[in-house]
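This report refers to the structure that appears directly beneath it.
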Amino acid sequence: MDIWFTEKQTPNVGITCKINNTLIVEQTPYQHLAIIDTEQFGRMLVLDGMVQTTIVDEFVYHEMIALVGLNTHPNPRRVLIIGGGDGGTLREVVKHPKVEKATMVEIDARVVEASKLYLPEISSALHGNPRAEVLIEDGIRYVKENKNTFDMIIVDSTEPVGPAVGLFSAEFYQSIFEALKDDGLFVAQTESPFFNADLIRRVYRDIAGIYPIAKLFLAYVPTYPSGMWSFTMGSKKYDPEAIVEENCPDLKSRYYTPAVHKAAFKLPQFVQNLLKTD
Ligand code: SAM
């Protein structure tokens with residue numbers, strides 16, 4: 001008998017995958033956690049019924065959330081990741097030759113432990129990488145307590161529910177501003193332009209109200225709602241569209257290239273309309 005998993009992405013739309021095997025299902029102190037093995041996408045991390053990452057398409061999201069910002073900053077020595085418990089973003093950050101230390105602050109130890117056990121391709125940097133530090137605590141509090149410290153901050157959060165609600169607030173973007181050095185920048189995952197238009201409008205307006213440079217970019221992740229995914233960057237100094245392609249290190253990426261980096265900021269008209277601040 002075939003067994004299928006469905007994520008209800010909106011009240012009216014879902015994604016359904018055939019399952020080979022269920023590896024772990026539990027309620028953590030923060031969320032419902034499952035790792036399932038799907039026929040199409042391989043192993044899949046699901047939190048509160050929402051797909052977080054899969055073996056087959058994770059490279060798109062993790063490369064784009066990390067490398068666009070890392071190649072925009074000329075010297076990204078100290079990097080902070082908020083969330084990101086599966087380790088995929090950390091893996092990309094520590095690949096970058098200019099990064100001296102990357103700190104990941106994840107609220108839920110069980111996401112880290114389960115990813116280490118069942119998602120080895122994604123979680124490789126969680127296994128004692130000398131440039132990686134993993135802390136289990138609330139990212140909102142950590143950012144408030146560390147001022148003027150980081151060159152780059154990445155907000156690799158779950159959807160804005162439960163402990164992640166505060167990760168999409170203007171107050172948090174202000175705390176991030178204060179945690180960054182004078183020329184720092186940050187990147188946050190900001191959901192689907194098709195299904196989360198109001199959230200994108202609000203988040204962009206908040207970031208543009210705090211940072212001299214605010215820009216949204218896109219990538220295509222098959223298992224995320226609508227496939228089209230957005231990231232928003234707030235930068236104190238460096239313009240992500242002004243990179244010199246020849247200066248970017250070759251990171252042997254599968255999705256990211258310096259040309260894709262530049263192209264990701266060319267937005268369809270309906271997405272540009274979401275960013276109009278008037
Ligand atoms: N790539 C994913 C996506 O966009 O669907 C997100 C990946 S990662 C699994 C998100 C992580 O953020 C979760 O493990 C969750 O526990 C963590 N998180 C949520 N709220 C947090 C907070 N306040 N501080 C630190 N981590 C948090």
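The values are calculated or read from the model by the stated rules, or taken from the named source; none is laboratory data. The structure displayed is predicted, hence computed values, not measured ones. With ideal geometry, Cβ positions are generated from the backbone for all residues, glycine too; neighbour counts draw on all protein chains shown.
Things to note:
- Residue match in the stretch 214-221 (condition: more than 15 Å from the ligand (Cβ to nearest atom), in contact (Cβ under 8 Å) with a residue 40 or more places away in the chain and farther than 21 Å from Pro268 by Cβ): no
- Condition met for Met44 (under 13 Å from Leu119 (Cβ atoms), out of contact with any Gly (no Cβ under 7 Å at 6 or more places or on another chain) and surrounded by 13 or more Cβ atoms within 10 Å (Cβ to Cβ)): yes
- Here the condition is being surrounded by fewer than 18 Cβ atoms within 10 Å (Cβ to Cβ), among the polar types (S, T, N, Q) and away from the ligand (no atom under 11 Å from the Cβ); of Thr6, Thr28, it holds for Thr6 alone.
- Verdict on Val93 being within 20 Å of Ile176 (Cβ to Cβ) and surrounded by fewer than 24 Cβ atoms within 10 Å (Cβ to Cβ): no
- Selection within the stretch 72-88 - in contact with a Leu (Cβ under 8 Å, 6 or more places away or on another chain), in a loop (DSSP other than H, G, I, E, B) and under 25 Å from Thr54 (Cβ atoms): Gly84, Asp86, Gly87
- Scan the stretch 160-184 for residues that are among the hydrophobic types (A, V, I, L, M, F, W, C) and in contact with an Asp or Glu (Cβ under 8 Å, 6 or more places away or on another chain) and the total you get is 3.
- Close pairs from the stretch 127-143: first under 13 Å from Ala102 (Cβ atoms), partner assigned to a loop (DSSP other than H, G, I, E, B) and modelled with pLDDT of 95 or more, Cβ under 7 Å, at least 6 apart: Arg131/Val99; Arg131/Glu100
- Residues that are near the ligand (Cβ under 8 Å from one of its atoms) and farther than 20 Å from Ile65 by Cα number at least 3 in none of the strands (runs of 3 or more DSSP E) confined to the stretch 90-174.
- Of all residues in the stretch 9-19 being surrounded by 14 or more Cβ atoms within 10 Å (Cβ to Cβ) and part of a strand (DSSP E or B), the one that is farthest from the chain's Cα centre (by Cα): Ile19
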